[in-house]
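The values are calculated or read from the model by the stated rules, or taken from the named source; none is laboratory data. These numbers come from a predicted model, not from an experiment. Cβ placement follows ideal geometry from the backbone for every residue including glycine, while neighbour counts extend to all protein chains displayed.
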Amino acid sequence: MRKATKAAIWLALALAPFAASAITILPACTKTGDCALTDILAVVVNFAEFMLGISGAVALLFFVWGGLQMVVSFGDSGKAKEGMETIKRAIWGIAIIFMAGIIVRFTSAALTGGEICNQANYDAGKCVAAAGDSCSSGKNSGLWILMPGGMVDGKPVGEKLKCVMKDDCGDLNAKLTDLGRSEVYTCKDIGTAKTCVRGLCPDKPASYACCL
């Protein structure tokens, strides 16, 4: 069991860089220096979700390891029992991680007043957002996208999260135009393009995204 624990710890350390690349812990404001209190809260929430992701991977590994112990026990009741204990611990671990995730999201909603995170509330510092999260604008739904820097009213602006509607790239292109940028995205199969933004083509197949 000690060997399995050490192996799981080493695997978690090995997976950490990949998890870090998948989850953006620092908010976009760190590049512009205009961070607010909600951005600090976003760091806490993002870090908690990062740790929960790593912990979940380790718990799943123990679950698989317990199953393998039972499969290769070959009638050895001692090894089979050890495998069952490993699975039980893994199930408890997964349950605890699941509850911790609910607590993190509930606490985040409580600290931000439970406001719907649309662009107005985000700009007013009433909610926390991260790239890839869902957002809303009236009856329409969208995604938070980290928009590139550009020019607004003749002044340079840095990267900033924007609530972009799921309307086959129309709102994305409009926001890029407002920044003085020349990129034009259309819904394409991601196999035919390199630069794509997923999740904004609701009426297209899952393989489609807003691509250059």
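Matching residues to (1) in contact (Cβ under 8 Å) with a residue 60 or more places away in the chain; (2) surrounded by 14 or more Cβ atoms within 10 Å (Cβ to Cβ); (3) small (G, A, S); (4) not in a helix (DSSP H, G or I):
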residue	(1), (2), (3), (4)
L161	yes, yes, no, yes
T177	no, no, no, no
R181	no, yes, no, yes
A206	no, no, yes, yes
Residues of region 119-151 being part of a strand (DSSP E or B) and modelled with pLDDT of 85 or more, in sequence order, are G142, L143, W144, I145, L146, M147, G150, M151
Hey, K155 hits all of (1) at pLDDT 90 or above; (2) surrounded by fewer than 17 Cβ atoms within 10 Å (Cβ to Cβ); (3) not β-branched (V, I, T) but one; which does it fall short on? (1)
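For every residue, the table says whether it meets (1) in contact with a Ser or Thr (Cβ under 8 Å, 6 or more places away or on another chain); (2) under 22 Å from V104 (Cβ atoms); (3) exposed (fewer than 15 other Cβ atoms within 10 Å of the Cβ); (4) modelled with pLDDT under 80.
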residue: A48; (1), (2), (3), (4): no, yes, no, yes
residue: L52; (1), (2), (3), (4): no, yes, no, yes
residue: S55; (1), (2), (3), (4): no, yes, no, yes
residue: V64; (1), (2), (3), (4): no, no, yes, no
residue: G67; (1), (2), (3), (4): no, no, no, no
residue: M70; (1), (2), (3), (4): no, no, no, no
residue: G75; (1), (2), (3), (4): no, no, yes, yes
residue: E85; (1), (2), (3), (4): no, no, yes, no
Name the residue that is nearest to L143 (Cα to Cα), counting only residues in region 183-198 that are crowded, with 17+ Cβ neighbours inside 10 Å and not basic (K, R). V197
Given (1) small (G, A, S); (2) at positive phi; (3) in contact with a strand residue (DSSP E or B) (Cβ under 9 Å, 6 or more places away or on another chain), identify the lone condition not met by S207. (2)
Among the residues of region 68-100, which ones are part of a helix (DSSP H, G or I), out of contact with any Lys or Arg (no Cβ under 9 Å at 6 or more places or on another chain) and more than 17 Å from A57 (Cα to Cα)? V71, S77, G78, K79, A80, K81, E82, G83, M84, E85
Would you confirm whether any residue within region 10-17 is in a loop (DSSP other than H, G, I, E, B), modelled with pLDDT under 75 and of a type in the set (A, V, I, L, M, F, W, C)? no
Quick check on region 104-114. Is at least one of its residues more than 21 Å from L143 (Cβ to Cβ), at pLDDT below 80, assigned to a helix (DSSP H, G or I) and of a type in the set (V, I, T)? yes
Determine whether I97 is surrounded by fewer than 16 Cβ atoms within 10 Å (Cβ to Cβ) and modelled with pLDDT under 85. no
